[in-house]
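Structure record follows, encoded as structure tokens.
The values are calculated or read from the model by the stated rules, or taken from the named source; none is laboratory data. Not measured: the values here are computed from a predicted model. Glycine also receives a Cβ, built like all others from the backbone with ideal geometry; neighbour counts cover every protein chain displayed. Keep in mind that these areas ignore ligands, DNA and RNA; they rest on the heavy atoms of the full protein, side chains included. Shrake-Rupley method; radii C 1.70, N 1.55, O 1.52, S 1.80 Å.
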Amino acid sequence: KEIRDLKQRIADLQASLEKKLAEATKVSKPEKVEPTAPPSENKDELYNQAQSQINAGKHAEARRLLRYFLSRYGTDERAALVQLMLGDSYYTEQKFAPAIQEYRKILERYKESKVFPNALYKTGMCFYQLKFCSDATPFFNALIKQHKSNKHAGEVRQLLRLMKKHRRNRRFCTS
């Protein structure tokens, strides 16, 4: 029953998120990506190119390469990891709304992936950073219940206690 309730809560949150993301992305400017060399057709080289761009702090170019990787090699064993890298590139730039969209794809498409718990954690963290505590809570709870031994479980428990303590403080939580 708890899993069913969590699934329903996640579905409700996704609907709410889509509305909030639509509002948030209305004002955001399209990303400028300087034209560069065409991406490699070799999937390993392409993956390494994207990783190099991330390491160099060129997140927009990395996202272009990562998206190309997914469009060409969406069934590759690294697809979930590549999707996580897309979300992380936005997260690093504190672009939390688009990061949530990318992490959500993992939650929908790659439920059995090793990166699934990280997507739960990062989705919750994005909502937390946006001060949407009530939206972050189900993702944190799912991480704790489904992945008790995850490296972020202790941090998430502390955040849940903190959010509960400050839930009425609008500077801390707006929802």
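Could you run through segment 52-78 and say how many residues are over 27 Å from Leu130 (Cα atoms) and not in a loop (DSSP other than H, G, I, E, B)?
8
Kindly list, by first and then second residue, each pair from a residue in segment 159-175 that is of a type in the set (A, V, I, L, M, F, W, C) to a residue that is open to solvent by less than 70 Å² (accessible area, probe 1.4 Å) and part of a loop (DSSP other than H, G, I, E, B), limited to pairs with Cβ atoms under 9 Å and residues at least 6 apart or on different chains.
Note: pairs meeting the criteria are Leu162/Phe172; Met163/Phe172; Met163/Cys173; Phe172/His166; Cys173/Phe132; Cys173/His166.
Report the residue count in segment 84-140 for those that are in a helix (DSSP H, G or I), basic (Lys, Arg) and within 21 Å of Arg161 (Cα to Cα).
1
Name, by its number, the condition in (1) under 30 Å from Phe132 (Cβ atoms); (2) over 17 Å from the mean Cα position of the chain (by Cα); (3) modelled with pLDDT of 95 or more that does not hold for Tyr47.
Going through (1) under 30 Å from Phe132 (Cβ atoms); (2) over 17 Å from the mean Cα position of the chain (by Cα); (3) modelled with pLDDT of 95 or more one by one, Tyr47 breaks only (1).
Quick one: in segment 59-102, which of the residues that are among the hydroxyl-bearing types (Ser, Thr, Tyr) and within 9 Å of the chain's Cα centre (by Cα) is least open to solvent (accessible area, probe 1.4 Å)?
Tyr90
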